[in-house]
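The values are calculated or read from the model by the stated rules, or taken from the named source; none is laboratory data. Because the structure is predicted, anything quoted here is derived from the model rather than measured. Every residue, glycine as well, gets a Cβ built from its backbone with ideal geometry; the counts of neighbours run over all protein chains shown. Remember, those area values only see protein heavy atoms, side chains included, never the ligands or the DNA or RNA. Shrake-Rupley method; radii C 1.70, N 1.55, O 1.52, S 1.80 Å.
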Amino acid sequence: MKEPILKHILFEYLSGRANPLERQLAEDWLKDAENRDTFHQWLFEWETRSPQFVPDQDQAMARLLSRINNEEQEPEEDSNEDNRSGNGWNPFQVRKYWLIAASILLLVCCGWFSRDVMQYKTFETGYGQTTKLYLEDGSRVALNANSRLKIPRFGFFGDVRTVLLDGEAEFSVSHTIDHKRFVVKTSDTFQVEVLGTQFSVFARPRGTKVALSHGKIRIDYSQGEKRQHLLMKPGDLATLQKTGGIEVVNDFDTKSLSAWKEQRFVFNATSLREISNLIEENFGKKVRIANDKIAGRTITGNFKTENTEELLRTVSEVLDLEIETVGDSILITDN
């Protein structure tokens with residue numbers, strides 16, 4: 001196989017986007033000791049293209065210790081005078097110990113941060129961008145715009161396959177021979193537990209929704225101090241309420257929640273206020289609506305669009321509205 005093709009397959013493998021065939025080709029190639037030097041060269045190139053921030057603990061500690069040493073040296077004369085007067089705690093000594101405490105706190109914080117960076121690998125999409133990921137267990141993930149997915153950097157170990165989601169994604173989970181559970185966590189108080197199924201998760205600041213297409217899933221959530229569970233069946237849409245409870249709608253068109261995979265928006269008596277939220281989440285464009293009466297107007301339909309302008313042009317024509325760009329935001333008024 002030609003070198004450029006091999007490199008592309010390896011980069012897809014390292015990025016977690018390789019399909020099962022590409023993963024097998026990459027792993028077979030990696031088993032050959034003669035490819036080790038080439039692998040390290042390509043790995044360095046891939047990491048250079050895909051940098052991830054890792055805090056430099058040694059450098060941070062060196063800077064703090066340097067400051068502590070400087071503080072010890074500068075007030076030497078004042079310190080001697082204070083000692084002669086019998087005062088053993090001068091302001092410079094207090095500041096020194098505060099710096100020592102700060103350095104310890106920094107070390108602890110960096111340690112916890114590094115633990116998360118080392119434990120998980122993050123896949124992130126920008127505004128207007130979607131991507132597909134293939135996990136090592138054969139599961140597939142479609143990640144919507146402005147979303148982040150964390151997966152274990154060194155593979156799924158233990159009894160649970162756990163991933164962390166911030167944003168929106170559709171999961172097609174593979175069943176394992178050892179019946180290993182698959183868990184999607186959106187927060188410390190909300191997670192979806194799966195055993196071979198297909199479902200969509202919407203986890204944005206304005207709310208959390210789960211739509212089940214096939215199979216069976218269980219939602220674990222906290223309502224007050226109580227831990228609650230909910231079993232879902234195909235066609236169910238579960239929405240997390242502000243009170244902490246779950247509202248379930250049966251016979252829901254689950255495909256509408258993942259229509260973004262085909263660059264489509266499905267509206268069913270959807271208000272202009274909600275559409276403006278979708279635009280901000282998916283395209284990063286701030287939308288301002290002239291008044292509440294306009295914001296409450298609704299639209300129903302299936303619209304295919306690739307950008308904000310196309311979507312707003314369609315909506316404005318249907319609802320007879322005026323669209324105007326004002327600085328960094330978009331203003332919607334009556335026509």
**Residue check, Ile246 open to solvent by 30 Å² or more (accessible area, probe 1.4 Å), among the β-branched types (Val, Ile, Thr) and in contact with a Phe, Trp or Tyr (Cβ under 8 Å, 6 or more places away or on another chain)** = yes
**Subset of region 191-204 (residues that are touching a residue at least 40 places away in the same chain (Cβ under 8 Å) and open to solvent by 10 Å² or more (accessible area, probe 1.4 Å))** = Phe202, Arg204
**Request:** Please indicate, with yes or no, whether at least one residue in region 302-312 is at pLDDT below 90, more than 30 Å from Gln223 (Cα to Cα) and of a type in the set (Val, Ile, Thr).
**Result:** yes
**Request:** Scan region 145-185 for residues that are closer than 22 Å to Thr254 by Cα, at pLDDT below 90 and either open to solvent by less than 60 Å² (accessible area, probe 1.4 Å) or under 21 Å from the mean Cα position of the chain (by Cα) (or both) and report the count.
**Result:** 1
**Selection from region 232-251 of residues that are modelled with pLDDT of 90 or more and more than 21 Å from the chain's Cα centre (by Cα)** = Met232, Lys233, Pro234, Gly235, Asp236, Leu237, Ile246, Glu247, Val248, Val249, Asn250, Asp251
**Message:** Residues that are farther than 15 Å from Glu170 by Cα and touching a residue at least 60 places away in the same chain (Cβ under 8 Å): does region 210-220 have at least one?
**Reply:** no
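Working only within region 306-329, note down all residues that are among the hydrophobic types (A, V, I, L, M, F, W, C), in contact (Cβ under 8 Å) with a residue 12 or more places away in the chain and either open to solvent by 20 Å² or more (accessible area, probe 1.4 Å) or more than 25 Å from Ala259 (Cβ to Cβ) (or both).
Of everything in region 306-329, those that are among the hydrophobic types (A, V, I, L, M, F, W, C), in contact (Cβ under 8 Å) with a residue 12 or more places away in the chain and either open to solvent by 20 Å² or more (accessible area, probe 1.4 Å) or more than 25 Å from Ala259 (Cβ to Cβ) (or both) turn out to be Val318, Val326.
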